[in-house]
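Enquirer: This is the structure I have questions about; it appears just below.
The values are calculated or read from the model by the stated rules, or taken from the named source; none is laboratory data. Because the structure is predicted, anything quoted here is derived from the model rather than measured. Using ideal geometry, Cβ is built from the backbone for each residue, glycine included, and neighbour counts are taken over all protein chains shown. Surface areas here come from the heavy atoms of the whole protein model, side chains and all, with no ligands, DNA or RNA. Shrake-Rupley method; radii C 1.70, N 1.55, O 1.52, S 1.80 Å.
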Amino acid sequence: MGDVPIRPRRVGVAVAALTALLVSGCSEDPVRPAPTPAPAGTSAGPSASATTPGDDPAARAAALVATLSDEDLVGQVLMPYAYGDAATKVSPGSAAGNQALAGVDTPAEMIAKYRLGGLILVGFSADDPTKGNQETTNVDNPKQVHELTGGLRAAAGQLAAGPAPFLVGTDQEYGVVTRVTDGVTVLPSALAAGAAGKPALTEAAWRAAGTELAAMGINVDFAPVADVLATRSTVIGSRSFGADPQRAAAQVGGAVRGLQSAGVAATLKHFPGHGHSADDSHKDLPVLTQSEAALREGAWPPFTAGFEAGAMAVMSGHLDAQAIDPGTPATFSHKLLTDVLRGQLGFKGVVITDGMNMPPAKRWAPGEAAVRALNAGNDLILMTPNVGQAYDGLLAALRGGSLPRPRLVEAVTRVLTMKFRLAEHPAAQMSTLNAPAHRAAADALAAGAVTVLRGACGGAVRGPITVSASNGRDGTKKTLTAALTAAGVQVKPSGGTVVHLVGYGDGDGDLRADAAVTVAMDTPYVLAKAKSPTLLATYSSSRASMTALAAVLAGKARPGGRSPVAVPGLPATTCTT
């Protein structure tokens, strides 16, 4: 590729010894699960036990790293996206997209050519603040996702790193950023969990969600969002657990424990704290003006709580923390990722970049950006805008010395250690998707979230009810209408007591003056200007949230949530006990 010679070069004995030293910290995680049989189909390559000593993931990783060529090492730190909904057969349009991205037709060919360590599955919904860098979709339904991930693993199993399970990640945050929605249990948003305020409910719900992700073949979730909502950020918004660092920290810990108990790596994002800027890193470089002390107290508690819960990964954000490394996005900051995140906060797991196809990362060419990110302290390069250029750039830098070999070996060792840890969990069967017990966990979390910010605490709304909503929310109206009907409430198209729904992106102009009840299904800030005598918040438009709302409107449930963010002129709740 280009002018880079392709010559296998084995990592020497000295580097292997260094690797063993580097990973000694990786095995100190107090919550590493007890070994269990690896799930069938995690690798189509040679048996890991035949090539690596013992059952310790770090030792196995160190042994495998010592056998890898330069090309294999470079490939293991790349986690791009690909076009197409299948591994080996894609549409002409998807093939063209893959050719532009990586010079291949299919995802399987991309894995083979660049010896990839993982792949991210992408896709977006209409209300998704991350849709700007989601250029394709790999997600249609659970069966298709399961077949896709199986095909990706079959391709990866032929690599030299094949004994370590291939990483398949996605952004399944729940709420506005949810990649797989059909046929699975959909949790309410993080902000809803923050309103419920019960980490045990969060942990149970995220355990159910993690089980379903694992069943589909997804073993890395780029969630939970550990950002504290210190500003009225629309890009973070209801993706955050709230504005209180300690309360958010408890929720993050619950989500991490739930996900990872199911064999899915949790990824805390976006360090050092995207919720401390209202700007959108999908458009420009947000600036954090807070002092380091303010970030330590106000932004980092959820991250450290996630570390204590055993989070396997952290995502570095495209954020300019001016008090620490002014002008440098955290993704490329050695001070933030190596000195602070690892040195001061003690994180030992995998650091993953935010999407490298976002504007703050595209100030450099893909190869140079990848090298800068690795040298700063990242271990995985996510969503490079050109796979070939990133791969060639890393390989040239390795051989030219601008990417120190020990730094690359360290990164690959961390990645492989995580892979072997994930392999200890047997994946659930597809039959567990949307199981009654999983829906019950989501329902309990959603029910705990419903908040009354104005009006009586509980009591039925006088029927019949007419449900209205801002434009584009017909599906949510239908969901609530069905839930109200099931709860015994008469619903009619017009002439009833108006319950008006507002959601993501809505403002004052989307409110309805004659509504008896206004319900915020995303951040509740819009309620400050609502005139309705009763104001409620669900923070989410999921089926579980609409079912919980219907129970409150029908007088069958008491709204026990508390707003996790301050709304001007309104209390956190009118329910005092």
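Enquirer: What is the distance, in nm, between label points placed 7 Å from the Cα along the Cα-to-Cβ direction at Ala528 and at Arg558?
Expert: Going by the 7 Å Cα→Cβ label model, 3.0 nm.
Enquirer: Going by amide H atoms built from the backbone, whose H comes under 5 Å of the H on Thr497, apart from near neighbours?
Expert: Ile465, Thr466
Enquirer: With a 1.4 Å probe and every protein chain kept in, tell me what percent of the accessible surface of the stretch 366-462 is carbon plus sulfur.
Expert: 55
Enquirer: Taking θ as phi - 60°, what are the ³J(HN,Hα) couplings along the stretch 343-355 by the Karplus curve (6.51, -1.76, 1.60), each to the nearest whole Hz, with x for Gly and Pro?
Expert: Here the 3J(HN,Hα) series is x, 8, 8, x, 6, 10, x, 8, 9, 10, 5, 5, x Hz.
Enquirer: May I have the convex hull volume per residue, in Å³, for the Cα set of the stretch 322-392?
Expert: In the stretch 322-392, the Cα convex hull volume per residue is 74 Å³.
Enquirer: Work out, step by step, the length gained on full extension between Arg439 and Ser468: first 0.36 nm times the residue separation, then minus their alpha carbon distance; give nm to one decimal.
Expert: Extra length available between Arg439 and Ser468 comes to 7.8 nm.
Enquirer: Taking the alpha-carbon centroid of each part, what is the distance from the stretch 164-181 to the stretch 532-577 in angstrom?
Expert: Result: 28 Å between the Cα centres.
Enquirer: Using the C-alpha atoms of the stretch 244-325, what convex hull volume per residue, in cubic angstrom, is computed?
Expert: So the per-residue hull volume is 86 Å³.
Enquirer: To continue, here is another question. Heavy atoms only, probe 1.4 Å: what % of the accessible area of the stretch 213-319 goes to carbon and sulfur, would you let me know?
Expert: Its accessible area is 48 percent carbon and sulfur atoms.
Enquirer: Restricting the count to DSSP beta bridges whose residues both fall in the chain, what percent are antiparallel, rounded to a multiple of 5?
Expert: Looking only at bridges with both residues in the chain, the antiparallel portion is about 10 percent.
Enquirer: Counting each DSSP H run of 4 or more residues in the chain as -39500 (n - 2.57), what helix-only mean residue ellipticity at 222 nm follows after dividing by all residues, to the nearest 500 deg cm²/dmol?
Expert: Rounded to the nearest 500, the figure is -10500 deg cm²/dmol.
Enquirer: Viscosity 0.890 mPa s, temperature 25 °C: what is the translational diffusion coefficient of the chain from Stokes-Einstein with a Kirkwood Rh over Cα pairs, rounded to a whole number of µm²/s?
Expert: So the translational diffusion coefficient is about 102 µm²/s.
Enquirer: Give, as a single signed number, the net charge of other residues whose beta carbon lies under 10 Å from the beta carbon of Val340, with Lys and Arg counted +1 and Asp and Glu -1.
Expert: It works out to a net charge of 0.
Enquirer: A further question follows. How much area per residue is accessible in the chain when the probe is 1.4 Å and only protein heavy atoms are counted (Å²)?
Expert: Dividing the accessible area of the chain by its residue count gives 34 Å².
Enquirer: Let me ask something else. Calculate how steeply helix 366-376 sits against the longest principal axis of the alpha-carbon atoms of the chain, using the helix alpha-carbon long axis, and give the answer as 0 to 90 degrees to the nearest 10.
Expert: 90
Enquirer: In vacuum, with every alpha carbon of the stretch 362-484 counted as one equal point scatterer, what does the Debye formula give for log10 I(q)/I(0) at q = 0.22, 0.23 Å⁻¹? Two decimals, please.
Expert: -1.29, -1.36
Enquirer: Let me see the pair-distance distribution of the stretch 160-278: every alpha carbon pair, 5 Å bin width, integer percents in order.
Expert: Histogram of Cα-Cα distances, whole percents per bin: 2, 13, 23, 24, 18, 10, 5, 2, 1, 0.
Enquirer: Angle, helix 405-422 long axis vs. longest principal axis of the chain, Cα atoms, 0 to 90°, nearest 10?
Expert: With rounding to tens, the tilt is 50 degrees.
Enquirer: Moving on to the next point. Mind ordering 524-534, 157-167, 409-419 by average Cβ neighbours within 10 Å, highest first?
Expert: Going by the mean number of other Cβ atoms within 10 Å, highest first, we get 409-419, 157-167, 524-534.
Enquirer: Between Ala460 and Ser431, what length in nm is gained on full extension when 0.36 nm per residue of separation is reduced by their alpha carbon distance?
Expert: Length difference between fully extended and current span is 6.7 nm.
Enquirer: Another question, then. If I fit a long axis through the Cα atoms of helix 474-486 and take the longest principal axis of the Cα atoms of the chain, what angle between them do I get, 0 to 90°, rounded to 10?
Expert: The angle comes out near 60 degrees.
Enquirer: Quote the charge dipole size of the chain about the Cα centre in Debye, to the nearest 20; the model charges only the Cβ of Lys and Arg (+1) and of Asp and Glu (-1).
Expert: That gives the chain a dipole magnitude of about 920 debye.
Enquirer: Related question: Give the residues of the stretch 461-484 whose amide nitrogen is closer than 12 Å to a point set 7 Å from the Cα of Ser494 in the direction of its Cβ.
Expert: Taking a point 7 Å out along Cα→Cβ of Ser494, no residue of the stretch 461-484 has its backbone N under 12 Å.
Enquirer: Limiting things to C-alpha atoms, what are the Rg and the maximum Cα-Cα separation (Dmax) for the stretch 447-490, in angstroms?
Expert: 11.9, 30
Enquirer: Using the Karplus curve 6.51 cos²θ - 1.76 cosθ + 1.60 with θ = phi - 60°, work out ³J(HN,Hα) for each residue of the stretch 137-154 in order, rounded to whole Hz, and write x for Gly and Pro.
Expert: For the stretch 137-154, the Karplus curve yields 9, 10, 10, 10, 8, x, 4, 5, 4, 4, 5, 4, 5, x, x, 5, 5, 4 Hz.
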